[in-house]
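For reference, the structure is listed below as structure tokens.
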Amino acid sequence: MTTKYFILILLLAIFTSCKSTLKIACVGDSITNGGGKNASSFYPMQLDKLLGEKYEVLNCGEAGATMQTDGNKPYWEQKDLSNVFVYKPDVIVIMLGTNDSKIPVWNAASYERDYQIMIDSLRTISTKPTIYLCSPPPAYSDKWEISESTIKSEIIPIVNRIAAKNNLKVIDVYNGMTNMSNLFYDGIHPNPEGIKIMAEIIAKGIKE
């Protein structure tokens, strides 16, 4: 009896030590990618630290990327999307929309259509990943023709509608970073403190 008990404990220990970590792929634009002055402190890296050793986070952000296939830099055409499929994540976090809001680019019907197609596509990954949709953060500047009113009045309702339709959770980055213009060094991209807050919001959303 003692020997059997010892073997059981040993097998349990081996199983626990060999259990793989949960893999998270972060899909997004330069706010995810961390380009420019904050390249060493992008939110996926902070998310990886916050979630701990049970998680592994891959940054699949692409600067300038749009959800819309007819945008000026469709995420669909970037290597990062193929990296998501190769990575076979357990969790996918999507935050695309800031570049879609640009006045020459924005088309509500195209954004909603392409968002749904992306979800359908990501659901074909063999790991059957849990998908989280993030609302983009507020835009505190109209640089690059990014439109705060489009983000607030059109993009966020579409994200919420798609989430409800697909039974997915929305992580509310927008409201979590409202009235924090001082944490965005150019009005669009968060500074190190802003990145930390963004990572905390997303980590909380994943853990809840």
Note to self: Being of a type in the set (Gly, Ala, Ser) and touching a residue at least 24 places away in the same chain (Cβ under 8 Å) is the requirement here; does residue 61 meet it?
What the structure shows: yes
Margin query: Which of the helices (runs of 4 or more DSSP H) found entirely inside region 151-208 contain at least 2 residues meeting this: in contact (Cβ under 8 Å) with a residue 60 or more places away in the chain?
Written below: 192-207
Notebook entry, point to check: In region 145-161, which residue that is of a type in the set (S, T, N, Q) and surrounded by fewer than 17 Cβ atoms within 10 Å (Cβ to Cβ) is nearest to residue 119 (Cα to Cα)?
Noted result: 160
Margin query: Which count do you get for residues in region 173-182 that are buried (at least 17 other Cβ atoms within 10 Å of the Cβ) and either under 18 Å from residue 30 (Cα atoms) or in contact with a Lys or Arg (Cβ under 7 Å, 6 or more places away or on another chain) (or both)?
Written below: 3
Next item on the list: Find all pairs meeting these conditions: Cβ atoms under 8 angstrom apart; at least six residues apart or on different chains; first residue within region 87-116 and surrounded by 24 or more Cβ atoms within 10 Å (Cβ to Cβ); second residue modelled with pLDDT under 95 and part of a loop (DSSP other than H, G, I, E, B).
Entry: 99/71; 99/72; 100/71
Note to self: I'm trying to understand the selection: among the residues of region 117-135, which are part of a loop (DSSP other than H, G, I, E, B), loosely packed, with under 14 Cβ neighbours inside 10 Å and more than 16 Å from the chain's Cα centre (by Cα)?
What the structure shows: 124, 126, 127, 128
Notebook entry, point to check: So residue 172 fits all but one of (1) more than 19 Å from residue 112 (Cβ to Cβ); (2) within 17 Å of the chain's Cα centre (by Cα); (3) at pLDDT 95 or above; what number is the exception?
Noted result: (1)
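The values are calculated or read from the model by the stated rules, or taken from the named source; none is laboratory data. The structure presented is a predicted model; accordingly, all values stated were derived computationally and were not measured. Here Cβ is always computed from backbone atoms with ideal geometry, including for glycine, and neighbour counts include all displayed protein chains.
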